[in-house]
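The values are calculated or read from the model by the stated rules, or taken from the named source; none is laboratory data. Computed from a prediction, not measured in an experiment: that's the story for all the values here. Every residue, glycine among them, receives a Cβ derived from its backbone with ideal geometry; neighbour counts consider all protein chains shown. Just so you know, the surface numbers come from the protein's heavy atoms only, side chains and all, with ligands and any DNA or RNA stripped out. Shrake-Rupley method; radii C 1.70, N 1.55, O 1.52, S 1.80 Å.
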Amino acid sequence: MVISLSHAGIGLLIVLLLGLRGRESKLVVLFSVLPDFDFIPYAIFMLLEKNLSYEMRNNLFYLMGHREFMHSVLFITIALLILHILKKNLLLTISCALAIFSHVYLDYATSWKMRPFFPFIKESSTLGAFDFFDPIVTVISLIPLFILLLEYQRNKGKWTKIAWIHKYMQQNRRTIIVSITWVFVIWCALAPFTKLMLVDHASAAEDNDISYQNAAPISFGKFLGAYDFNETHYQIFEASYWNSVYRSDFIPKKSYGNITAENSRYISKAAVLYNSGLPQEIDYPVYDLTENSTTVIVTISDARSVYVKYWAYFKVEYIFFFEKENSTYVAFMKDQRKAKHSVTLNRFIDS
């Protein structure tokens, strides 16, 4: 799975491939996980966001959000420039560049949208070429860690029963490292193109223009796609490399009954507020509206959320409480995976 451990494994793979040792090897591994240190500013942001204005929250999210600034090309350039000035070691700089770029690429090629070219391009995007639990990336990233652990245990006089594995790896170490590096590079390079061919095939099968980046991986070789079927419904489908399009359903865009001019006004307000905020996980919004004599509640969720059980991206709801009399509203963001968890975005007075 693409987590900090797997990123460290790829960093160690680069270390073994280039034959680095000592402090240089540790720096390369550090750079392979460096972007995930954004959990520190993100934790601070989570503590502060309830007290921030809507505009300030958006601006700080670019800098402090997870998979935002510290996963951008700008941050990578700054970090590598500082490293090269301090160390003046070209091989070390190149090694760290490979490590940190591998991290950002793996994140960009999995499920979540990012802004890797911020601030030049503020729109979020993703390749979504392979699943978060991709077995190829997982196994390849664990092999260097296993080699290191085996070496450590061998030096401690442990794991003597599998000494033959250690001997084999020592004798064929270079071949193993080069081979898995090639597999990793080829898989990372080919996955976006194989997905493109599948999306093109699905577009032909569905007779519609399927969005490449919104065809989200849900397991190994399987993708969840959607498109506007008509003014009232989305078409949701699943496709795989071996079954093409094998499941398809219609999801209504609006899950409420009577539509009045007043209702439409609140729905439009909620849509504008959502589109002006971050991080915008929802690509195919479904609007639900309930009201009483004093309050109108508009909930925005993603049409695909019911098809993804264990996945953070677009498994959220944005809930807007509008007061009819004084034109104030409160906005909430709720994680559907944790029914009791919600974040108050802010309270506003409608101008």
Notebook entry, point to check: Among (1) 62, 41, 37; (2) 76, 47, 38; (3) 97, 49, 30, which is the computed Cα extents along the principal axes in Å?
Noted result: (2)
Check: Out of 113, 87, 195, any idea which swings most in a Gaussian network model of the chain, alpha carbons joined below 10 Å?
Finding: 87
Check: Taking springs between alpha-carbon atoms closer than 10 angstrom, which of 97, 204, 271 fluctuates most in the Gaussian network model of the chain?
Finding: 204
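In percent, how large is the relative contact order of the chain, given Cα pairs closer than 8 Å and 6 or more residues apart? Don't jump to the answer; show the numbers that get you there.
Values: 540 pairs, mean separation 44.7, N = 351.
Result for the chain is 13 percent.
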Checklist line | Within a Gaussian network of the chain (alpha carbon springs, distance under 10 Å), most fluctuating of 126, 77, 160 | finding: 160
Margin query: Rounding to the nearest 10 and keeping the result within 0 to 90°, find how far the Cα-based axis of helix 39-48 lies from the longest principal axis of the chain.
Written below: 20 degrees
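From the cross-link list 50/254; 26/122; 87/113; 122/254, which pairs have alpha carbons spaced over 31 Å apart?
In this structure, 26/122; 87/113 exceed 31 Å between Cα atoms.
Let's test the formula: R0 of 35 Å, r as the Cβ-Cβ distance of residue 56 and residue 86. What FRET efficiency results, to the nearest 0.05?
Values: r = 34 Å, r/R0 = 0.96.
Approximately 0.55, to the nearest 0.05.
Full-extension gain between residue 209 and residue 176, please, as 0.36 nm times their residue separation minus the C-alpha to C-alpha distance.
Values: separation 33, 0.36 × 33 = 11.88 nm, distance 4.25 nm.
Full extension from residue 209 to residue 176 adds 7.6 nm.
Which percent of the accessible heavy-atom area of the chain goes to carbon and sulfur, probe 1.4 angstrom? Write down the numbers at each step before the final one.
Working: 11540 of 18280 Å².
Accessible surface attributable to carbon and sulfur in the chain totals 63 percent.
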